[in-house]
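Contents: one structure, followed by commentary.
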Amino acid sequence: MNVEHAQNHTENHAIYSAGYQCPSNIALVKYWGKKSGGVQLPANPSISWSLGDLYASTVVHALPRENDQAFVFTLGGVSKASFEPKIASFLTKIASDCPWLIDFTLHIDSQNNFPHGTGIASSAAGFGALGLCLAHIEQLIHGAPALDGRVNNMDFWQRSSYLSRIGSGSACRSMFDKPAVWGLSEAVNGSSDLFAVPLDGEIHPDLQGWKDVVLIVDDGEKSVSSTDGHALLEAHPYAGARFGQAQKNLGLLVEAMRSGDVQRFIAIVESEALQLHSMMMTSLPYYLLMRPNTLAIIEKIWQFRESSGLPLCFTLDAGANVHLLYDGKIDKTLMNFVNTTLLPYCKNGQYLCSDTGKRPAAIV
């Protein structure tokens with residue numbers, strides 16, 4: 001076990017420590033819009049692949065509290081005041097779920113192995129890692145076996161997903177090596193709005209072992225945050241239709257992943273990416289996050305797929321950068337295509353690569 005549980009018998013209190021490496025993830029069916037009447041509840045179900053090579057590493061030490069300070073946060077050992085409001089808000093929101101927090105000051109250190117502003121869901125990885133650490137410390141406090149004991153009627157992975165969701169909705173999908181589903185769906189047994197679950201049943205071999213190349217078109221801050229984008233769905237004229245289509249698409253995508261229908265998988269993934277951006281472009285106020293090179297890359301991907309017949313597709317998060325998903329068996333050919341054709345459209349020739357399908361790991 002790579003998680004430390006150090007006892008400090010001064011004043012009969014304990015110091016608890018945990019560390020986790022948590023991958024980011026890329027949604028195939030997009031989460032966009034929240035239900036009212038709850039904290040971070042999705043208006044439609046989503047499904048994602050974890051990006052095992054793009055992750056956050058977080059270590060938390062819970063020390064007996066001696067003052068009103070709830071936490072101390074550092075990014076790679078350096079104070080980062082701009083991150084503190086989000087963490088403070090998160091800890092406030094989970095206070096009723098985690099009453100033990102009042103007795104401790106959390107010393108949190110986190111860092112990503114990828115730069116901010118590169119089209120990777122850093123909040124998913126970061127809050128995923130933090131949720132894992134808190135779930136582990138919680139189990140140690142309760143005396144439950146780490147990783148497999150149940151606390152608050154949830155096993156470790158479910159509890160981690162539940163807590164991370166409150167910090168960042170997409171973070172709850174970073175807990176599993178199988179495709180992760182968040183949000184109620186008749187297509188997936190055990191699915192919930194409160195936490196993500198791994199896709200039940202077997203995944204066809206043709207849709208296992210895919211990889212992701214993140215093509216960096218723009219490495220600056222987005223003009224509209226995801227939080228603000230979600231809020232615009234509340235009065236969006238097409239929101240109801242979008243939520244219904246996402247429900248339908250999730251069922252179709254799950255069916256395609258189980259049967260190995262790669263063509264249907266590709267069509268749904270690309271349509272979902274374009275629907276996400278169409279909702280941004282038709283909200284009030286409307287906004288546009290794609291850039292000319294985003295569209296140029298998409299068209300090059302379509303042309304290459306048409307001429308080669310190879311299994312690959314694009315998707316987008318809420319930004320300008322393009323995720324190129326492809327079957328790992330064509331890695332050499334695909335990377336040659338990236339370096340010879342797509343590189344000129346990437347800012348400063350930047351791109352990031354990752355396998356899909358890796359769950360978090362405990363670290364020292």
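The values are calculated or read from the model by the stated rules, or taken from the named source; none is laboratory data. All figures in this text were calculated on a predicted structure; none of them were measured in a lab. Counting neighbours? That spans all protein chains shown, and the Cβs are built from the backbone with ideal geometry, glycine included.
Assorted remarks:
- Selection status of Y345, surrounded by 15 or more Cβ atoms within 10 Å (Cβ to Cβ), over 25 Å from the mean Cα position of the chain (by Cα) and more than 21 Å from S225 (Cα to Cα): yes
- Taken as a whole, the condition of being in the same structural domain as L325 (by TED's automatic domain parsing) and either crowded, with 19+ Cβ neighbours inside 10 Å or more than 26 Å from D155 (Cα to Cα) (or both) applies to V224.
- Residue identified as surrounded by fewer than 18 Cβ atoms within 10 Å (Cβ to Cβ) and within 21 Å of P360 (Cα to Cα) among G52, G38, G76, G19: G76
- K300 out of contact with any His (no Cβ under 9 Å at 6 or more places or on another chain) and either under 24 Å from S122 (Cβ atoms) or buried (at least 16 other Cβ atoms within 10 Å of the Cβ) (or both): yes
- Of all residues in the stretch 86-134, exactly one satisfies the criterion of being modelled with pLDDT of 95 or more and basic (K, R), namely K93.
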